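Notes to accompany the following structure.
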Ligand SMILES: *Cc1c(COP(=O)(O)O)cnc(C)c1O
């Protein structure tokens, strides 16, 4: 991955998002919008670096949110379309959700019945949809499979209530994770077979997220065919709401070696934690690359990299280097923009990495630094 900045010039640890790389992704997504007339939303769950929302808003149509906080953030910081879906809305949050949202997607018909009068009585027109579970997905890990047995996400065909569609203008499905457009094409076929009759009277369909559109081997042409299929067959507006694809390969986590030691193999302790700063490394699990390093045993010397917390499992992985690591050495993890800042935490009193934006004009600029107050404010 291209490193357009000197990692020694940014705070350690810090997440550095590269504007040029982000724009490259946004341009590709915009080309899909331009070629199909679909709308693409940023799924804030994956990437909520709101200092770049104005930039993202120049290319995409708005945001999707999983609740009132994300809806408010998208409304305030991007100011374009705001879509909101949650497995269940609380009465407490719903009034505020109404004020920020243009689209609201309900997970069950019971939720739709509970809130439909509030939607109707709201001064602003709001499009309402139902999330369906087509019971088709190609994800093997249950943790990331919205269609696994007894999934709570969306209404299955058996539980669909066609008599309750008055006021509903669209259907939403989200059944993919980091997948290519061949998976989408097969999913669309199932959605068409199972829910086609209900799509006839509707205005829009939302294909959810999990589309790895900006990955180098992604087949854009087949994505375009799937979008046009739904547009042409049912006259629907098509929405996509990727999170990961927007920030894929646009960010880095810069870290410093604090110490090295031996326990039957060389170990290095760095100033960033898997558990606090890149939790997907433990949850997914996922192995980030390090610029200039190799897999275990590929280069001269292999280290096990661990974080500074007291969690035994706070291990990032085994990486090999051309020469021994020294305290003070800088290491740069790649692809650290999405599902990092949105998931980090201050467990064990860890500070949060600074957030840096690297622009072509000005180089790396620190957008935000964190400290003791951020740790303390979450506790009482
Ligand atoms: C997580 C999520 C997304 C975004 O998924 P990515 O894998 O980041 O593209 C979109 N829509 C819904 C409903 C989600 O839960």
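Since every read-out is calculated from the coordinates, none of them should be taken as a lab result. All values derive from a computational prediction rather than experimental measurement. So basically every Cβ, Gly included, is an ideal-geometry build from the backbone, and we count neighbours across all protein chains shown.
Yes/no per residue for (1) away from the ligand (no atom under 16 Å from the Cβ); (2) assigned to a helix (DSSP H, G or I); (3) within 16 Å of residue 71 (Cα to Cα); (4) in contact (Cβ under 8 Å) with a residue 40 or more places away in the chain:
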| position | (1), (2), (3), (4) |
| --- | --- |
| 5 | yes, no, no, yes |
| 12 | yes, no, no, yes |
| 23 | yes, yes, no, no |
| 26 | no, yes, no, yes |
| 30 | yes, yes, no, no |
| 35 | yes, yes, no, yes |
| 46 | no, no, yes, yes |
Restricting to the range 265-286, give me the number of residues that are part of a loop (DSSP other than H, G, I, E, B) and under 26 Å from the mean Cα position of the chain (by Cα). 8
Considering the range 142-164 alone, what residues qualify as being away from the ligand (no atom under 13 Å from the Cβ) and surrounded by fewer than 17 Cβ atoms within 10 Å (Cβ to Cβ)? 142, 148, 149, 150, 156, 157, 158, 159, 161, 162, 163, 164
Residue satisfying condition, being within 30 Å of residue 13 (Cβ to Cβ) and buried (at least 19 other Cβ atoms within 10 Å of the Cβ), within set 260, 255, 183, 187: 255
If you go through the range 218-227 one residue at a time, do you hit one that is in a loop (DSSP other than H, G, I, E, B) and within 23 Å of residue 82 (Cβ to Cβ)? no
Examine the range 201-220 for a residue that is buried (at least 19 other Cβ atoms within 10 Å of the Cβ) and away from the ligand (no atom under 14 Å from the Cβ), and state whether such a residue exists. yes
